[in-house]
Amino acid sequence: MKNRDLQLDIAKGIAIYSVVLGHLDTGLKGQIIYLFHMPFFFIISGYFHQLDHQEGRYLRKKAVSLLIPYFVYLLILKLPSMMPFYNQFIQQPSVEVIISFAKHIAKLILGGDTLTGTVGIFWFVTCLFITQQGFNFIALRVKSTQKIIAIATALYGLSCLDQISPIHLGLPWAANVTCCAFLFYAVGSIYGDYIFKAENRLLILSAVAISVFSILLIASGVELSFNMKQAYYGLFILSPLAALSLTKLLSFSAGLLSTNTLIASSLALVGKASITIMFFHRVVEMYLPRSFPGGSIAAAIFSTAICCILHQMLTATPVSRALFLGSRRDFGWLTNWRTSA
């Protein structure tokens, strides 16, 4: 297992800030961000993957760390949308109201691209969960890294076929997006040291060249960026290469920034709060004024800062750490509560 280090926390801090900014800026900056921000998190998650031979244990472990916060946030943020159904049923009980409410709940359960607004980003969590389970399952049975990459490439090919098909294959929990996400996850697991640690000059120059070329294409109107939730994966081969190159440069930049104590500590704090920022930043953005002083960059900094404050508050108790942060070691509070009840 890779131990937490400052450079990776800084890289995560930059990446999650990019997620926030990408949702606020639909211009060129947003298009560049959409080229790497979601692939980055699949890549770094793959880098930290620890093969678990007990698949049931691995399933439970990841369900606690990902799915419990997912459902807790989903319930809290979508509760207001359920109240009109409740009020309507109290005033005028009918089968139609029950059916409408059932359809609303079904959308929340299906997740994926059916989730919009403040919970629109939640597709990533379930997609990551499925990708982790799939990778662990395959890696236990396929010992050759070359064969794993071949499988990942084949799945990526399927995702590209889905992209060009007249009707996209929208599956519950964004399971269809796993075909593309698996490639990034596998590359992160197998070649993550080259991306996050190696300082090979040729590798960095190649990443710079591919990144610059990709940005120039985007600036000229080429639709190169990812919109994974909507089953758009950019251009075949080139978009994944651009995502990997920008991830490499982001990691390299994080290493350079780690020498500045103030910047490093600030970005590392943001990186550690990435799960809270992922779940809550859209709520903060919803209440921001359209003409935020300083523009989208300042608005993204403000949103990120609010989420970081919330994250610190959530770390205060075992209950909040367990429910909102998916901290497995803090689930002892539930056992203690049952014993004392």
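Structure summary
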item: Residue match in the stretch 104-112 (condition: exposed (fewer than 12 other Cβ atoms within 10 Å of the Cβ), assigned to a helix (DSSP H, G or I), free of Cβ contacts under 8 Å to residues at least 12 places away in the same chain and more than 23 Å from the chain's Cα centre (by Cα)); result: no
item: Checklist (1) over 20 Å from the mean Cα position of the chain (by Cα); (2) among the small types (Gly, Ala, Ser); (3) more than 25 Å from PHE122 (Cα to Cα); (4) surrounded by 14 or more Cβ atoms within 10 Å (Cβ to Cβ) applied to ALA254, failing item; result: (1)
item: Criterion: surrounded by 15 or more Cβ atoms within 10 Å (Cβ to Cβ), on the phi > 0 side of the Ramachandran plot and in a helix (DSSP H, G or I) - qualifying residue of ALA174, ALA207, ALA268, ALA243; result: ALA174
item: ALA63, sole failed condition from (1) more than 22 Å from SER214 (Cβ to Cβ); (2) of a type outside the set (S, T, N, Q); (3) in contact with a helix residue (DSSP H, G or I) (Cβ under 7 Å, 6 or more places away or on another chain); result: (3)
item: Within the stretch 128-144, considering residues that are of a type outside the set (A, V, I, L, M) and without any contact (Cβ under 8 Å) to a residue 60 or more places away in the chain, the one nearest to LYS78 (Cα to Cα); result: GLY134
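Table: residues versus (1) of a type outside the set (Gly, Ala, Ser); (2) more than 19 Å from VAL125 (Cβ to Cβ); (3) touching a Gly at 6+ places or on another chain (Cβ under 8 Å).
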site	(1), (2), (3)
VAL222	yes, yes, no
SER225	no, yes, yes
LEU235	yes, yes, no
LEU244	yes, yes, no
SER266	no, yes, yes
PHE279	yes, no, no
VAL283	yes, no, no
THR304	yes, no, no
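Every residue, every condition in (1) modelled with pLDDT under 95; (2) under 21 Å from LEU325 (Cβ atoms); (3) touching a helix residue (DSSP H, G or I) at 6+ places or on another chain (Cβ under 8 Å), yes or no:
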position	(1), (2), (3)
ASN3	yes, yes, no
LYS12	no, yes, yes
PHE36	no, no, yes
PHE71	no, yes, no
MET82	yes, no, yes
ILE90	yes, no, no
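The values are calculated or read from the model by the stated rules, or taken from the named source; none is laboratory data. Bear in mind that the values here come from a model prediction, so they are computed numbers and not experimental data. Quick reminder, even Gly has a Cβ in these numbers, built from the backbone with ideal geometry, and neighbours come from all protein chains shown.
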